[in-house]
There are 2 protein chains.
Amino acid sequence: MSRLYDTVLEMVVTYRFLPNQRINEVHLARKLNTSRTPVREVLNRLHAQGFLQLKKGSGFSCREFSPREIQELYQLRSIIESAAIRLACENATDAEVNQLQIFLQQTGPEPGDRSSQQLVELDQQFHEQLMVLARNEEMLKLLQNINARIRFFRWVDMDNKRSKTQVEHQQIVEALMQRDAAAAAALLEDHIHRRLDEIIHAVKAGNEIMNEQREQAS
Amino acid sequence: MSRLYDTVLEMVVTYRFLPNQRINEVHLARKLNTSRTPVREVLNRLHAQGFLQLKKGSGFSCREFSPREIQELYQLRSIIESAAIRLACENATDAEVNQLQIFLQQTGPEPGDRSSQQLVELDQQFHEQLMVLARNEEMLKLLQNINARIRFFRWVDMDNKRSKTQVEHQQIVEALMQRDAAAAAALLEDHIHRRLDEIIHAVKAGNEIMNEQREQAS
DNA sequence: GCGCTTATTACTGTATACAATATTCAGTAG
DNA sequence: CTACTGAATATTGTATACAGTAATAAGCGC
């Protein structure tokens, strides 16, 4: 069941289903070599977690994100990450902070030959490691939920912006090392807001970039 | 379906099911005059939203909250409510703030003859109205989810503490009126942390208070 | 050809059946 | 009486069937 959940979640977050178009349970079940019942169970879970919408008589469909919704999710993400790094400045051990520094160095300043998907993954690892230092499991789960829901949009310009992203990550870790909570939080918020601006800009610019990314995901 | 969801959610948050004891789907379906399938669909949703745990072969059960988990949820709640009132200081109209003041006055400083359940409901309305002023739907949904999950514990000493709660609510609204974000946030955090301390204390004191509340809910 | 109505087909939401697994009960030995 | 084993029963997870509804196709009139 959890494998089925992971499979369908992956399809949802990579927008294999067109927004607002009904997910055909019969077809999906056949495609996944199972019956409708476990498929519906998974779809119900994803609906409850904010990934899908459900309309009586029309079944489940992928949600279409308005710029407003994206902005709200990013704002929420900024709030919890900002709080998390403040907690991390209090709670993290020196060893943990050094480990994060090593991770940054190992993942380099340049994208190298990594795909956008890999860069998104590395970016996520960095932010989740920060969140782990806050020692609040609920906050970590929340960040993971948000990141999954906005995953499609987090691809925007990822490879072109990797150097700047890593510079900003580095500054955040340095503030964390200095246990300067205010500076760390401000840097993190700026970092997230910059990304949000880029994404909103891309979404408003139309669907061309979005279609390219969908193809890249295939 | 949404009525079924509401019914089962109510049973879950009032701990009609004992923690860690399997929820019997057949019995529950019979009790609710439906078949197992929609019951399972609801249970899957509640599981996905953090209300229930699921073990293969053993089905769904109510989670048992450790003091750690309660503390984490309250910490998260404090973070988002604190951020929300900062946003409210920027975004709320004078009319909206006045409406909140009127709500406080209409719901009085004293519990009156209200039940604990009604007091919990009024407390929740106050906090949700604050959250609405932040103009972030995701944050409101998150607060509602957290409040539902900790609902059982929010009953602790509710009637005995109503006067103090309302005084604190009033101070928060006054800071909001003054558009003093720092003061409002500090007051709100203190308010939430005081409640958390009371609840953790009660939970650690044993199960007597908890059993009384379960009986009161029946 | 277009628009409307009706018939047909497909799909959703739920009920029921089935297979696998977990739990409970009964019998036996020490 | 206690502990262990095997059988019987109950429950879960999934497959399939059914009824109601939504979507599509076909036919007819203008």
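The values are calculated or read from the model by the stated rules, or taken from the named source; none is laboratory data. Please read all numbers here as calculations on a predicted model, not as lab measurements. In this analysis, Cβ positions are derived from the backbone assuming ideal geometry, glycine residues included, and neighbour counts consider all displayed protein chains. Surface areas here come from the heavy atoms of the whole protein model, side chains and all, with no ligands, DNA or RNA. Shrake-Rupley method; radii C 1.70, N 1.55, O 1.52, S 1.80 Å.
Here is how the numbers come out for the structure above:
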read-out: Filter pass, B:Gln71 being under 19 Å from A:Glu137 (Cβ atoms), crowded, with 16+ Cβ neighbours inside 10 Å, within 11 Å of chain A (Cβ to nearest Cβ) and at pLDDT below 95; value: yes
read-out: Region B:28-43, subset without any contact (Cβ under 8 Å) to a residue 12 or more places away in the chain and within 13 Å of DNA strand D (Cβ to nearest atom), residue least open to solvent (accessible area, probe 1.4 Å); value: B:Ala29
read-out: Segments classed as helices (runs of 4 or more DSSP H), wholly inside region B:1-93, with at least 3 members that are more than 16 Å from DNA strand C (Cβ to nearest atom), β-branched (Val, Ile, Thr) and under 17 Å from the mean Cα position of the chain (by Cα); value: B:67-91
read-out: Near pairs, Cβ below 8 angstrom, 6+ apart or cross-chain, from region B:11-27 (within 14 Å of another protein chain (Cβ to nearest Cβ) and touching a residue at least 12 places away in the same chain (Cβ under 8 Å)) to any residue that is more than 11 Å from DNA strand D (Cβ to nearest atom) and of a type outside the set (A, V, I, L, M); value: B:Val12/B:Phe51; B:Val12/B:Cys62
read-out: Leading residue by the ranking (farthest from A:Thr7 (Cα to Cα)) among those in region A:28-51 that are aliphatic (A, V, I, L, M) and within 11 Å of another protein chain (Cβ to nearest Cβ); value: A:Ala48
read-out: Selected residue (only one of B:Arg154, B:Arg77, B:Arg68, B:Arg114 is without any contact (Cβ under 8 Å) to a residue 40 or more places away in the chain, more than 19 Å from B:Asp180 (Cβ to Cβ) and of a type outside the set (S, T, N, Q)); value: B:Arg68
read-out: Test for A:Leu104: is it facing chain B (nearest Cβ under 10 Å) and open to solvent by less than 40 Å² (accessible area, probe 1.4 Å); value: no
read-out: Selected residue (criterion: most open to solvent (accessible area, probe 1.4 Å)) from residues of region B:45-65 that are among the charged types (D, E, K, R) and in contact (Cβ under 8 Å) with a residue 40 or more places away in the chain; value: B:Glu64
read-out: Among (1) among the aromatic types (Phe, Trp, Tyr); (2) within 19 Å of A:Ala134 (Cβ to Cβ); (3) within 13 Å of DNA strand D (Cβ to nearest atom), the one test that B:Phe60 misses; value: (2)
